[in-house]
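The values are calculated or read from the model by the stated rules, or taken from the named source; none is laboratory data. Quantities reported herein were computed from a predicted structural model and do not represent experimental measurements. Cβ sites come from the backbone with ideal geometry, for glycine too, and all protein chains shown count toward neighbours.
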Amino acid sequence: MSIRTLRLPARLVASCALVTAAASALTACGGLTPGANGDKPAASGPVSTALPTGATTLTIVSSENSGTTKALAEAFHAKHPNVTVDFQYTGVDDYDKSLNLKLSSEQAPDLALLNKLGTTVKANLVRSLDDYAKAYGWDAKYPSTELDQWRASDDGRQLGTGHLWAAPAGFSVVGVFYNKDIAAKLGIQPPTTPAEFDAALAKAKAAGELPVQLGNLQGHSSFVVQSIVDATDGAAKTSDWVNGKAGATIKTPGGTAAATTLAEWAKKGYLPASTNGTDLAGSVAEFTEGKGLFLFDGSWDAQLIDKAAPGKTGFLTFPAADGKATGIGTSVSYAIPAKAKNPDLAAAFLDFMNTPEAAQIQFDTGFLPVAHADTVNAPAGKVMNEVAKGWAAVNKDNGLVNFFANTNATMNDTLTSQSQQLIGGRISPEQYLDALQNDWAKGHQ
């Protein structure tokens, strides 16, 4: 059995592996089936961290069109003038259809974006990065939750464990945007505990303000649910469920709190009446027009929010009782093909992506940096500065958790349909959790 298909918010097309920046559904991204016979990693061998001294070309294929990889390539060339980086862009649909042929050809690239961590890349078409991770000390440079998203067991049944198949080039993270004008008017400080968050919601409702802006036409209430689960149960336990670890369950204290909270928010009028008929883009538009104290959304919308409501928005990670920061997110990531002619040079480029210089490039082009988040900055007053602080806290506390929708191919549909029924009062929180767990169990048989 192969591992599941990675799914991400479709509004991230410009973020390549994060699918399409235009729409708002949680849309499928990428794939990888490790091991020829399920018992060994793809091509490996002696590795070196030495770079070539003569003229060399590093070939990168990608569907990432935000400019991040291209800018990183230019910076890498400036640092190593003898290395010419041939960046080859293809639109995401055509890219995914042609990737296997590119990887299996004798002209295979040196690096390839993985839009999928599931079934679209055949066995032995990409190599294990374990030896490079050891040579460059990546385990010490990255929070484990960043690299673990790109690990898979040999039998392909579980994410988050086993060989490392790709390395990240830039992240997106989900947190809570808040309207500074409404908060100031009501005397609300950015909440740092669940109790303070609840109090802020009640205060906003009492004052005639909408507590939470939410569009759930395509299931984005999962951002609310998962934020509560992550903060309550902790990143490690929640990741076990997302990654398909045997025996994992969503019927935990965090799961119960999240499902109950979403149902209660709907009953109390904390959500828009049109929630189930509004998409993510629509909820962002409403929020920037001043309708809503809080909005659960990803960093990919920060620049849009800043443009529509300059200087009026803050950002925080959903508060946890233990004070540890968690965040929902994943990355654009690159693999080294088994037939790459310059694997050592490719690995050097992957290592460059976690340097301070690369961090600012990633940040300037719309992503959160792989490392050194405490060194990046946007112009004063931009909400991305607060997003970067939240991201740094998530990394410090090793609190990154992949999207619930990524746990199997059908979970996004279940999250959407069941949350709409929960918000509509047609099912109970327990029934909602049962539906999620039943879908999870079918996907991980």
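Taking the criterion of being crowded, with 21+ Cβ neighbours inside 10 Å and within 18 Å of LEU214 (Cα to Cα), the residues of segment 417-445 that qualify are GLN418, SER419, LEU422, ILE423.
Scanning segment 349-372 for residues that are crowded, with 23+ Cβ neighbours inside 10 Å and assigned to a helix (DSSP H, G or I) gives PHE349, LEU350, ALA358, ALA359, ILE361, GLN362, PHE363.
Put simply, of LYS237, LYS291, LYS245, LYS339 the only residue that is without any contact (Cβ under 8 Å) to a residue 40 or more places away in the chain, over 19 Å from MET384 (Cβ atoms) and among the basic types (Lys, Arg) is LYS237.
Among the numbered conditions (1) modelled with pLDDT under 95; (2) crowded, with 22+ Cβ neighbours inside 10 Å, tell me where GLN303 comes up short. Condition not satisfied by GLN303: (2).
None of ALA378, ALA393, ALA388 is touching a residue at least 24 places away in the same chain (Cβ under 8 Å), surrounded by fewer than 24 Cβ atoms within 10 Å (Cβ to Cβ) and not aromatic (Phe, Trp, Tyr) except ALA393. Of all the numbered requirements in (1) more than 30 Å from SER153 (Cβ to Cβ); (2) touching a residue at least 40 places away in the same chain (Cβ under 8 Å), GLY255 misses one, and that requirement is (1).
Restricting SER44, SER98 to residues that are of a type in the set (Ser, Thr, Tyr), modelled with pLDDT under 95, in the same structural domain as ALA152 (by TED's automatic domain parsing) and over 25 Å from GLY160 (Cα atoms) narrows the list to SER98. In this structure, is ASP86 in a strand (DSSP E or B) and among the acidic types (Asp, Glu)? Spelling it out, ASP86 is indeed in a strand (DSSP E or B) and among the acidic types (Asp, Glu). Quick check: is even one residue across segment 328-344 assigned to a helix (DSSP H, G or I) and in the same structural domain as VAL126 (by TED's automatic domain parsing)? Checked segment 328-344: at least one residue is assigned to a helix (DSSP H, G or I) and in the same structural domain as VAL126 (by TED's automatic domain parsing).
Looking at segment 242-284, which of its residues are in contact with a Phe, Trp or Tyr (Cβ under 7 Å, 6 or more places away or on another chain) and either on the phi > 0 side of the Ramachandran plot or assigned to a helix (DSSP H, G or I) (or both)? Residues satisfying the conditions are VAL242, ALA259. Screening ILE182 with (1) touching an Asp or Glu at 6+ places or on another chain (Cβ under 9 Å); (2) under 25 Å from ALA373 (Cα atoms) gives one miss only, at (2). Take segment 89-116 and flag every residue that is surrounded by 14 or more Cβ atoms within 10 Å (Cβ to Cβ) and not in a helix (DSSP H, G or I). Scanning segment 89-116 gives TYR89, THR90, ALA108, PRO109, ASP110, LEU111, ALA112, LEU113, LEU114, ASN115, LYS116.
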